[in-house]
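The structure appears below as structure tokens.
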Amino acid sequence: MKIKFLGAAGGVTGSNYLVTTKNVKFLVDCGLFQGGKEEELKNQEPFDFNPAEIDFVILTHAHIDHSGRLPKLVKEGFRGPIYTTLATRDLCEIMLLDSAKIQENDVEWQNRKRIRAGKDLLQPLYTVTDAENAVRQFQTVHYYNKEQLSEGIILRFADAGHILGSAIVELWLREDGKETKVIFSGDIGLPNRAIIRDPDMGLSADYLIMESTYGNTVHQTYADSKKELIKIIMDTAAKGGTVVIPAFAVGRAQEIIYQLNEFYEYENRDGRYPNIPVYVDSPMAVEATKTFINNSANYGETTKELIRNGDNPFEFKNLHYVESVEESRRLNTIREARVIISSSGMATAGRVRHHLKHNLWDPDSAVVLVGYQANGTLGRMLRDGVNSVKLFGEEIAVRAKIYDLPGFSAHADEPMLLSWVDSMEQKPKKIFLVHGEEDQQQPLKKVLEQKIKIPSEIVTLGQEVELEGKEITSEKAEITTKDKEDLKEIWGKVEVLGKELLERKGSIFAEEGLEERYGNIYEALIQIHRSLMDIHMHIGK
Ligand SMILES: [Zn+2]
């Protein structure tokens, strides 16, 4: 079987991998390329395959650089299922529609100019209808359930701990009497984070396709980043300035809200510091927060505890969700000490660009970067220390203080990536590094080879690799969802059997002494029933 790397190879965006076996062709992720103009042009290019020939797609998580070309795929003829977790489906419903609106608006704006110039009109990459059609093709799969997708293909999702609903993809692929266990890491998170669960450790694979966003970085600790954020807010507030936080609407925005909730509701309960207004100005973040509230089953224990105690971590008294455009504009007509959380996270689009325009020039204000800033984005330019930027055709001086708090990152850093690989029960014979820039990948490759002794390769865009399967020696049965259903059916039968026996008790035990000797037959049936349920629970893991 073969894997072709068609995105997030030699860069971090546009995740898209084509797997071809004897029987099927399928994709893992189908994301948008993001960043500079050159990257974004790649979205317009035709796919490297015929979308109508793809049997199904497996989606690791909702972020648009992993899901954002799904509507294009559907528009161009893909009709199969898109397998993902429940929370990812819910988030994609918001994000893909939002992405489609952005595509439509962009083209509309350009077309107005093109009409005046007498040029041909452009078509959007995809429309809201295409996005709605894509969402209809989603099929949800529970974490940890083995799902037979087609002949010789079994899928299981483990938790990636990156954003709500994020999954590590485990695949058992069989052809010609050979089996290969392949893992796509998706984006891996870090343990002990607010809201979501820790990434699953201790998996096994023959081949590993792994992200490497921060392959050469050691993050500041989460606790230190939080402390620094609170200090920046207090210092800026004391000068009457604004703190602008560009944040990915899904995941990072909620995490920052969660941290501020913790600060204002608990640490600052005595009111030592002023409760300055915190605005969340991103329609998508407002929507996504609702999805977070609806998917609390996926939370980590601390957050569940908080909710059990009656605290909604996405609400505190000085927090305001901005809904309308007018309200958003009004924010820029007043000057006060406040925090504005707005998207997009790399400041490439969205309302945050307006807030940057109105605050970057102000030396009393601050911009706090809390996520990855891809090459070519406005966020990256600010991080790299430019003196001025162009926003809405206007030259804006950068006088505000720019802070980078990578400790809030949703991506594993080098130590975490290493311990994740090292925790593997059966280590892969080869690792393919994707989703990273070269300065992060080269050192990671070296350390994987030297410390963990696994040959690793940095893949390039368009590269195809052939995977070698293992002979299936002992026919060890794979447990599928169907097997589990069958098991349920059997225990149902046992239950019926018990009832039938009880009903006929009188006639069966009519003979003297039989009931004394065999009366425990019901106990035995209950025991079998219980054991079957236990087995069901056990294989669910
Ligand atoms: Zn991601």
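Could you tally the net charge around Leu417, taking each other residue with its Cβ under 12 Å from the Cβ of Leu417, Lys/Arg +1 and Asp/Glu -1?
Value of the local net charge: -3.
Report the extension gain between Asn275 and Asn332 in nm, rounded to one decimal, defined as 0.36 nm multiplied by the number of residues separating them, less their alpha carbon distance.
So the chain would gain 18.5 nm between Asn275 and Asn332.
Around Leu532, with a cut-off of 14 angstrom between Cβ atoms, what is the net charge of the other residues, counting Lys and Arg +1 and Asp and Glu -1? Don't skip to the end; give the middle numbers.
Working: positive: Lys484, Lys488, Lys493, Arg530; negative: Asp483, Glu485, Asp486, Glu489, Glu495, Asp534.
Neighbour charge sum, excluding Leu532 itself: -2.
Do you know the relative contact order of region 1-128, to the nearest whole percent, from alpha carbon pairs under 8 angstrom that are 6+ apart?
19
Roughly how many debye, to the nearest 20, is the charge dipole of the chain about its Cα centre, given +1 on each Lys and Arg Cβ, -1 on each Asp and Glu Cβ, and no other charges?
In debye, rounded to 20, the chain gives about 1420.
Sorted by accessible area with a 1.4 angstrom probe, largest first, how do Tyr403, Tyr83 fall?
Accessible-area ranking of Tyr403, Tyr83, largest first: Tyr403, Tyr83.
In terms of solvent-accessible area of protein heavy atoms at a 1.4 angstrom probe, what is the ranking of Leu514, Leu190, highest value first?
Leu514, Leu190
In the full protein assembly as shown, how much of Met416 is accessible to a 1.4 Å probe, in Å² to the nearest 10?
The accessible area of Met416 comes to roughly 20 Å².
Excluding same-chain residues fewer than 8 positions from Lys37, which lysines have a Cα within less than 22 Å of its Cα?
Qualifying lysines at Cα under 22 Å: Lys72, Lys101, Lys113, Lys119, Lys357, Lys390.
How many angstrom lie between the C-alpha centres of region 182-200 and region 1-62?
If you average the Cα positions of each part, the centres end up 22 Å apart.
Setting aside same-chain residues fewer than 8 positions from Lys22, which lysines have a Cα under 18 Å from its Cα?
Candidates past the 8-residue exclusion: Lys2, Lys4, Lys178, Lys181, Lys470.
Not counting ligands, DNA or RNA, and with a 1.4 Å probe, what is Lys239's accessible surface area in Å² rounded to the nearest 10?
90
Can you tell which of His219, Ile209, Ile168 lies farthest toward the positive end of the dipole of region 152-250, using +1 and -1 charges on the Cβ of basic and acidic side chains (Lys, Arg; Asp, Glu)?
His219
Mind checking which of Gly345, His435, Ile257 is farthest towards the positive end of the chain's charge dipole, using Cβ charges of +1 (Lys, Arg) and -1 (Asp, Glu) about the Cα centre?
Result: Gly345.
Nearest 500 deg cm²/dmol is fine: what mean residue ellipticity at 222 nm does the chain get from its DSSP H runs of n ≥ 4 alone, each adding -39,500 (n - 2.57), divided by its residue count?
Working: 18 runs with 198 residues, N = 541.
Value at 222 nm, helices only: -11000 deg cm²/dmol.
Given H placed 1.01 Å from N in the peptide plane, which residues other than close sequence neighbours of Val141 have an amide H under 5 Å from its amide H?
Amide H neighbours of Val141: Thr84, Thr85, Leu86.
Taking K and R as +1 and D and E as -1, what net charge do the other residues with C-beta under 15 Å from the C-beta of Gly519 add up to? Could you put the intermediate results ahead of the total?
Values: positive: Arg504, Lys505, Arg517; negative: Glu511, Glu512, Glu515, Glu516, Glu523.
Around Gly519, the charge tally is -2.
Leaving out ligands, DNA and RNA, and with a 1.4 Å probe, what % of the accessible surface on the chain is carbon or sulfur?
50
Counting only complete DSSP H runs, which helices of the chain cover 30 Å or more along their long axis at the Cα atoms and score a mean Kyte-Doolittle of -1.0 or above?
86-117, 481-503
Between Asp384 and His538, 0.36 nm times their residue separation minus their Cα-Cα distance comes to what?
Length difference between fully extended and current span is 50.3 nm.
What do you reckon, how do Glu93, Glu438 stack up by accessible area (1.4 Å probe), largest on top? The partial results should precede the final answer.
Details: Glu93 90, Glu438 115 Å².
The residues order as Glu438, Glu93, largest area first.
Along the charge dipole of the chain, pointing to its positive end and built from +1/-1 on Cβ of Lys, Arg, Asp and Glu, which listed residue (Tyr144, Ala285, Ile233) has its Cα farthest out?
Of the listed residues, the answer is Ile233.
Would you mind checking region 82-103 for residues with the amide N under 13 Å from a putative spin-label position 7 Å along Cα→C-beta of Glu147?
82-90
Setting aside same-chain residues fewer than 8 positions from Lys304, which lysines have a Cα under 28 Å from its Cα?
Candidates past the 8-residue exclusion: Lys146, Lys226, Lys227, Lys231, Lys290, Lys317, Lys541.
For the residue pair Leu41 and Ile115, what label-to-label distance in nm results when each label sits 7 Å from Cα along the Cα-to-beta-carbon direction?
About 2.8 nm separates the two model spin labels.
If you put +1 on each Lys and Arg Cβ and -1 on each Asp and Glu Cβ, how big is the dipole of region 317-369 around its Cα centre, in Debye rounded to 20?
Its charge dipole is roughly 60 debye.
Quote the FRET efficiency, to the nearest 0.05, computed for Lys505 versus Lys290 with a Förster distance R0 of 60 Å and r equal to the Cβ-Cβ distance.
That pair, Lys505 with Lys290, gives E of 0.65.
Using amide H atoms built 1.01 Å from N in the peptide plane, name the residues 5+ places from Leu369, or on other chains, whose amide H lies under 5 Å from its own.
Tyr403, Asp404, Leu405
Calculate the FRET efficiency for Gln527 and His320 from the Cβ-Cβ distance with a Förster distance of 60 Å, rounded to the nearest 0.05.
Once rounded, the FRET efficiency stands at 0.55.
Please work out how much length the chain gains when fully extended from Gln450 to Lys429, using 0.36 nm per residue of separation minus the C-alpha to C-alpha distance, in nm with one decimal.
Between Gln450 and Lys429, full extension yields an extra 6.2 nm.
In whole Hz, with x marking every Gly and Pro, tabulate ³J(HN,Hα) for region 149-155 from phi via Karplus 6.51 cos²θ - 1.76 cosθ + 1.60, θ = phi - 60°.
8, 6, 3, x, 10, 10, 10
Using a 1.4 angstrom probe and counting only protein chains, how large is the accessible area of Thr217 in Å², to 10?
30
The values are calculated or read from the model by the stated rules, or taken from the named source; none is laboratory data. Please read all numbers here as calculations on a predicted model, not as lab measurements. In this analysis, Cβ positions are derived from the backbone assuming ideal geometry, glycine residues included, and neighbour counts consider all displayed protein chains. Each accessible area value is taken on the protein alone, full model and side chains, heavy atoms only, with ligands, DNA and RNA left out. Shrake-Rupley method; radii C 1.70, N 1.55, O 1.52, S 1.80 Å.
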